[in-house]
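Novice: Attaching a single structure in structure tokens format; questions to follow.
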Amino acid sequence: MLALVRFWILLSALLVSAGWILSALHKLNRAGYGVVFALAAIAFIWWRRKTNWHPRKKSAQLFHQFRRRFKRPAPLLFLLLALLALLSGSLYPALNYDADAYRLPRVFHWLWFEQWHWIHTFDARLNISACGFEWLSAPLILFTRTDRFLFLINWISFLMLPGLIFSVFTRLQVRPRVAWWWMWFLASGWCFALQAGSIANDSFAAIYILAAVDLALRAQEKNSVTDLWLSLLAAALATGAKQTNIPLALLWVIAAWPSLRLLRTRPIITVLIAAGGLLVSIVPISVLNYQHYGTWLPLEESGVVALGKFHLNPFWGVVGNAFCIPAENLLPPFFPWTDSWNAMMDRFMQTPFGSHFSSFEHFGILSLGTHGVGEANAGIGLGICVLVLVSLWSAWRYSKTILTLAVESSRLPWLLRVAPWALLLLFMAKVGTFQNARQLSPYYPFFFPLLLAGTGQAQLVRRIWWQRLGLLVMAVTAVILVGARNRPLFPAQTVLDWLRSNHPDSRFISRIALAYEMRSTVENEQHCFTKDFPPGERVIGFIPVLGGSEAGFETGLWLPFGQRRVEWVLPDDPPEKFQLLDIHYVVVEEEALDRMNETVEQWMNQFDGELVDQFALKQSHGSPLYIYLVHLRSK
């Protein structure tokens, strides 16, 4: 496992740094990546010959070890979760709101122009967001011309999760037997399992920060500067994946502090690794944000909509998140009362007390357009929350203590158990974005060592009833993966048609059917105009609302990648832009025209256009919104 983790860190660092370097050289293309991969292969061959490295175990030994390990119920259930995630990711096109709204389009823009560049858009997320997942995605899209394989980034990360959790937990003085059971249970947390077959970018960074802490502690144990270098790269990759991961770098600082003296043993290589760490971290995008906006993370700039809410009043941020984060983590798989809950929260926001939380983005709202848990809103999950509460209560009965707070002879494990909870308070004080329980995904594993280090837990994990409860939690996660609304692994449409025909007046069944229809609606929306573009049409104009429509309509206009590019047309752009960019077809969203106080007829008369096609986008509430494809006759 450790060899795979080290390889993944090096590969990730290679791809992220290659993205920035090739962009600077204007060579973000197949030839550029070909040179990078060739140099990496040469470096690997040279290293292997110099160190005379060979795999320690033969394939037959590995297969025997695999069979022996997965005979037990917990590993077998995790293997089932991994296979279900792989199946769902393989069967369904990648759909995720954030990815389709801005993360995939930004990659398409960069690859088309063969460099990172500041995209002409009013959706600042295309420019200012962290780029870690995107730089891992870029070569996959470039060489396959599709986004169908991007889920593998999350799936491979998911496979490494249990082993890293065990290694970190035991180094933080959790008993090995306790760590063994919890590594399987925590890996089945809903944020990890649901995102394992998706293109979301929240949970995959957990691997980096777990590896950063683990390798830093290994460096101290083995006096290994190589492990310390790798841990530095892993911590940098974690910050480069998402701005909300930046506080986690403190865990690496604590873990690596006793071993920093090792960096002086190879100063030249240390400087090179440190430079590489800066390149794969949050630093490059922060510098570019400062260059364009005068701040490392633009929030609201003269009509530009940016990264949600990061400017909370710290006190009310903690109070508000003390409600929002548990509410999102305790959300059941299906919650038919979502609309009533959201309406209640809207009324609460109109009260004097509720006004304190106005800086939150959709305070207290559980989900929009869905009823229950999905990859876009899942935290660690109701099952794990129930299991940990039962475990704490039962462990107290056995040992009469809940937490082990005594400082050991070495303060390092104690600090690493307590520090994550301080970082949680920092997160709560600063982040008020919508559905931020999923953004805590890399934090969740670090909250548990403090809860599991007591002697009572070691007694509890031997109880058959507790083991069965944990296995039930994993089994429920498997059921959720099979029934996932965005990637169902059963004939959902057939079953729902039968239920509706037999129970036509059931509101409950109607709500379930609506949740499952969302995916087909999104797929139809993204590809509704694919056949309307003439062959050879290279540039498509796009007049959207923020991030396109509900699912990010722009992604569908780019695919299959390489045939055409998409150009945003903003309200203050000159009319000559269409002619300058040789744009003959424009996709116009009705809501964007409403904001300009125009109808589609008025807009077409202004630009001498004719309506080619239109698509009615179903809304979770209210009448449908229309998307129009307009041909500019005089262009």
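The values are calculated or read from the model by the stated rules, or taken from the named source; none is laboratory data. Since the structure is predicted, the reported quantities are computational estimates derived from the model, not experimental observations. All Cβ positions, glycine included, derive from the backbone under ideal geometry; neighbour counts span all protein chains shown.
Novice: Among the residues that make up the stretch 10-20, is at least one of them modelled with pLDDT of 95 or more, of a type in the set (Phe, Trp, Tyr), in a helix (DSSP H, G or I) and under 30 Å from GLY541 (Cα atoms)?
Specialist: yes
Novice: So, ARG148, is that one in a helix (DSSP H, G or I), over 19 Å from ILE9 (Cα atoms) and basic (Lys, Arg) or not?
Specialist: Taking the combined requirement at face value, the residue does not satisfy it.
Novice: With under 13 Å from CYS324 (Cα atoms) and either among the polar types (S, T, N, Q) or touching a strand residue (DSSP E or B) at 6+ places or on another chain (Cβ under 9 Å) (or both) as the only criterion, which of GLN435, GLN457 stands out?
Specialist: That would be GLN435, the only listed residue that is under 13 Å from CYS324 (Cα atoms) and either among the polar types (S, T, N, Q) or touching a strand residue (DSSP E or B) at 6+ places or on another chain (Cβ under 9 Å) (or both).
Novice: What's the number of the condition ALA484 fails, among (1) modelled with pLDDT of 85 or more; (2) in the same structural domain as PRO624 (by TED's automatic domain parsing)?
Specialist: Every listed condition holds for ALA484 apart from (2).
Novice: Right, next: State whether one or more residues within the stretch 593-613 are surrounded by 13 or more Cβ atoms within 10 Å (Cβ to Cβ), touching a residue at least 24 places away in the same chain (Cβ under 8 Å), touching a Cys at 6+ places or on another chain (Cβ under 9 Å) and not assigned by TED's automatic domain parsing to the domain that holds ARG511.
Specialist: yes
Novice: What's the number of the condition ALA484 fails, among (1) in a helix (DSSP H, G or I); (2) under 20 Å from PHE204 (Cα atoms)?
Specialist: (1)
Novice: Among the residues of the stretch 320-347, which ones are over 26 Å from ARG507 (Cβ atoms) and surrounded by 17 or more Cβ atoms within 10 Å (Cβ to Cβ)?
Specialist: Those that are over 26 Å from ARG507 (Cβ atoms) and surrounded by 17 or more Cβ atoms within 10 Å (Cβ to Cβ): GLY320, ASN321, CYS324, ILE325, ASN329.
Novice: Starting from residues that are touching a residue at least 40 places away in the same chain (Cβ under 8 Å) and within 15 Å of LEU451 (Cα to Cα), keep the ones in the stretch 413-427 and report whichever is nearest to the chain's Cα centre (by Cα).
Specialist: By that ranking, first place goes to PRO420.
Novice: Moving to a separate point now. Do we find a residue being crowded, with 19+ Cβ neighbours inside 10 Å, modelled with pLDDT under 85 and charged (D, E, K, R) anywhere in the stretch 490-510?
Specialist: Within the stretch 490-510, none of the residues are crowded, with 19+ Cβ neighbours inside 10 Å, modelled with pLDDT under 85 and charged (D, E, K, R).
Novice: Right, ARG145: in contact (Cβ under 8 Å) with a residue 60 or more places away in the chain, under 30 Å from GLY556 (Cβ atoms), surrounded by fewer than 24 Cβ atoms within 10 Å (Cβ to Cβ) and not aliphatic (A, V, I, L, M) or not?
Specialist: yes
Novice: Would you call THR244 in a helix (DSSP H, G or I) and either out of contact with any helix residue (DSSP H, G or I) (no Cβ under 6 Å at 6 or more places or on another chain) or of a type in the set (Asp, Glu) (or both)?
Specialist: Spelling it out, it is not the case that THR244 is in a helix (DSSP H, G or I) and either out of contact with any helix residue (DSSP H, G or I) (no Cβ under 6 Å at 6 or more places or on another chain) or of a type in the set (Asp, Glu) (or both).
Novice: I would also like to ask the following. Just to check your reading of the model, which residue among LEU237, LEU210, LEU161, LEU230 is farther than 24 Å from PHE427 by Cβ, at pLDDT 95 or above, buried (at least 24 other Cβ atoms within 10 Å of the Cβ) and of a type outside the set (Lys, Arg)?
Specialist: LEU230
Novice: Identify the single condition in (1) surrounded by 22 or more Cβ atoms within 10 Å (Cβ to Cβ); (2) over 14 Å from the mean Cα position of the chain (by Cα); (3) of a type in the set (Gly, Ala, Ser) that ALA82 does not satisfy, given that it satisfies every other one.
Specialist: (1)
Novice: Separate question: I'd like to check something: does the stretch 568-576 contain any residue that is within 31 Å of the chain's Cα centre (by Cα), of a type outside the set (Gly, Ala, Ser) and not in a loop (DSSP other than H, G, I, E, B)?
Specialist: yes
Novice: While we're on this one: Mind checking whether some residue in the stretch 106-114 is in contact (Cβ under 8 Å) with a residue 60 or more places away in the chain and among the basic types (Lys, Arg)?
Specialist: no
Novice: Out of contact with any Ser or Thr (no Cβ under 7 Å at 6 or more places or on another chain), aromatic (Phe, Trp, Tyr) and touching a residue at least 12 places away in the same chain (Cβ under 8 Å) - does that describe any residue in the stretch 234-255?
Specialist: no
Novice: Can you work out which of the residues in the stretch 260-285 that are at pLDDT 95 or above and polar (S, T, N, Q) is surrounded by the fewest Cβ atoms within 10 Å (Cβ to Cβ)?
Specialist: Top of the filtered list is THR270.
Novice: Still on this structure: How many of the residues in the stretch 435-454 are without any contact (Cβ under 8 Å) to a residue 60 or more places away in the chain and surrounded by fewer than 22 Cβ atoms within 10 Å (Cβ to Cβ)?
Specialist: Residues in the stretch 435-454 being without any contact (Cβ under 8 Å) to a residue 60 or more places away in the chain and surrounded by fewer than 22 Cβ atoms within 10 Å (Cβ to Cβ): 2 in total.
Novice: Something else now. All but one of (1) surrounded by 22 or more Cβ atoms within 10 Å (Cβ to Cβ); (2) modelled with pLDDT of 95 or more; (3) touching a Leu at 6+ places or on another chain (Cβ under 8 Å); (4) in a helix (DSSP H, G or I) hold for VAL107; which doesn't?
Specialist: (3)
A quick yes/no check of all residues on (1) hydroxyl-bearing (Ser, Thr, Tyr); (2) without any contact (Cβ under 8 Å) to a residue 40 or more places away in the chain; (3) in a loop (DSSP other than H, G, I, E, B):
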position: MET345; (1), (2), (3): no, yes, no
position: PRO352; (1), (2), (3): no, yes, yes
position: ILE365; (1), (2), (3): no, no, yes
position: ASN377; (1), (2), (3): no, no, yes
position: VAL386; (1), (2), (3): no, no, no
position: SER394; (1), (2), (3): yes, no, no
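Residues checked against (1) surrounded by 20 or more Cβ atoms within 10 Å (Cβ to Cβ); (2) under 25 Å from CYS191 (Cα atoms); (3) not β-branched (Val, Ile, Thr):
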residue	(1), (2), (3)
MET349	no, no, yes
SER358	no, no, yes
LEU366	yes, yes, yes
GLY372	yes, yes, yes
VAL386	no, yes, no
LEU389	no, yes, yes
ARG397	no, no, yes
